[in-house]
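Below you'll find the structure, written out as structure tokens, and then a few comments.
The values are calculated or read from the model by the stated rules, or taken from the named source; none is laboratory data. A quick note: this is a predicted structure, and the numbers were derived from the prediction, not measured. Using ideal geometry, Cβ is built from the backbone for each residue, glycine included, and neighbour counts are taken over all protein chains shown. Only protein heavy atoms, including side chains, enter the accessible area calculation; ligands, DNA and RNA are left aside. Shrake-Rupley method; radii C 1.70, N 1.55, O 1.52, S 1.80 Å.
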Amino acid sequence: MIPLEEIRRARERLGDDVLRTPLVRFDERIWLKLENLQPIGSFKLRGALSAVRAASRDELVHGVVTASAGNMAQGVAWAAREAGVRARVVAPENAPRAKLDKVEALGGEVILVPHEVWWQTMVDRRYEGVDGLFVHPVEDEAVMAGNGTIGLELVEELASFDAVVVPWGGGGLTTGIASAVKALRPGVRVVTAEPETAAPLAAAFAAGGPVEIDYRASFVDGAGGRALLPTMWERSRGLVDEAVAVPLDDVAEAMRLLASRARVVAEGAGALALAVARGREDRVVCIVSGGNVDAAVLARVLAGETP
């Protein structure tokens, strides 16, 4: 767990520069935590600002570097611009163009690499030939503490709930939220959601440890992955109560429901939690993690397709 005092310190660092996002009721037992309403369209601003603001000026002298498919890249670019330093982002070649355009609009430099090189950059916490403070999109304690501020808000705003469903990409969001919620409401269950085509955590829970999966890229580009980072598997075992792999048709349907019933635009990762919550009977908070979806993809989903 990330210590509760670290999460509270992260909230002090963030101040009023991230939105205390609305917690809205979807139906009689489901609530939506709308992180898609953050200035960059996702929760990633919390962790990125927390990490950059926790660094010293000496650590920032060569700027900041991260590895991201889009949302964390935007968060780091935003935080670097605010700090007046350079931001460089190592991104996989299949990253959504809409997200990369936003990174560049924020002043970030994008370095496109094959997926394997991008993954290795996260494992190594560096990219050869690029200097700067590496802000890990998942494993940095300051990033996870920033994510944990979502958990503080949930506990403060909702008197009672049974479970929180969190989209799992690398585990940093889940670890942060679970650390805060488990410290303050130990009885709340933490459930993760991944697309079934890229669900290494669900596979690991089923097998009792990390296993190879049949990874397939999908329109749910902000969650899931080819494998688990070893440190995040160790963290998740003590924090996650249940890991669910979600069919892509269910994700698309959840996106449509968010748009039609809640008037919420969510990317695939942002709709994962609702897809899981609809099959449950307890009182559930869904983390709508982001809304950065390509217009063409959204149009197909709203037309009834699964891209």
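At a 1.4 Å probe, what is the % contribution of carbon and sulfur to the accessible area of the chain?
Working: 5790 of 12070 Å².
On the chain, the fraction of accessible area on carbon and sulfur atoms equals 48 percent.
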With an 8 Å Cα cut-off and a minimum separation of 6 or more residues, compute the relative contact order for segment 1-98 in percent.
21
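Grab the beta carbon distance between Glu157 and Leu37, set R0 = 22 Å, and tell me the FRET efficiency rounded to 0.05. Please list the in-between numbers first.
Values: r = 15 Å, r/R0 = 0.67.
Once the sixth-power term is evaluated, E becomes 0.90.
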Spin-label proximity, Arg81 to segment 40-72 - amide N less than 11 Å from point 7 Å beyond Cα toward beta carbon
40
How much area per residue is accessible in the chain when the probe is 1.4 Å and only protein heavy atoms are counted (Å²)?
39
Got the relative contact order for the chain handy, in percent, Cα pairs under 8 Å and 6 or more residues apart?
21
Which percent of Cα-Cα pairs in segment 1-129 sits in each 5 Å bin, short to long?
2, 11, 18, 20, 19, 15, 9, 4, 2, 1, 0
R0 = 35 Å: FRET efficiency of Arg226 with Val130, Cβ-based, nearest 0.05?
0.95
Starting from the 7 Å offset along Cα-to-Cβ, what nm value, one decimal, do you get for the label separation of Asp17 and Asp249?
4.6
Two-site label geometry, Val123 and Ala98: point separation in nm, points 7 Å out along Cα→Cβ:
3.2
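Going by average Cβ neighbours within 10 Å, how do the peptides 82-89, 281-288 rank, with the highest at the top? Please report the intermediate quantities before stating the final value.
Working: 82-89: 19.6, 281-288: 21.6.
Final packing ranking: 281-288, 82-89.
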Measure off 7 Å from each Cα along the Cα-to-Cβ vector at Arg9 and Arg185, then give the distance between these two points in nanometres to one decimal.
2.6
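Using mean Cβ contacts within 10 Å as the protection proxy, how do 241-251, 268-278, 35-45 order, highest first? Walk me through the intermediate numbers first.
On the way: 241-251: 19.5, 268-278: 28.8, 35-45: 24.7.
Per-residue Cβ counts within 10 Å, averaged per peptide and sorted highest first, yield 268-278, 35-45, 241-251.
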Plugging the Cβ-Cβ distance of Asp282 and Ala303 into 1/(1 + (r/R0)^6) at R0 = 22 Å yields, to the nearest 0.05, a FRET efficiency of 0.10
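Can you give the relative contact order of segment 125-231 as a percent, counting alpha carbon pairs under 8 Å and 6+ residues apart? Before the final figure, lay out the partial values.
Values: 148 pairs, mean separation 25.2, N = 107.
Reported relative contact order: 24 percent.
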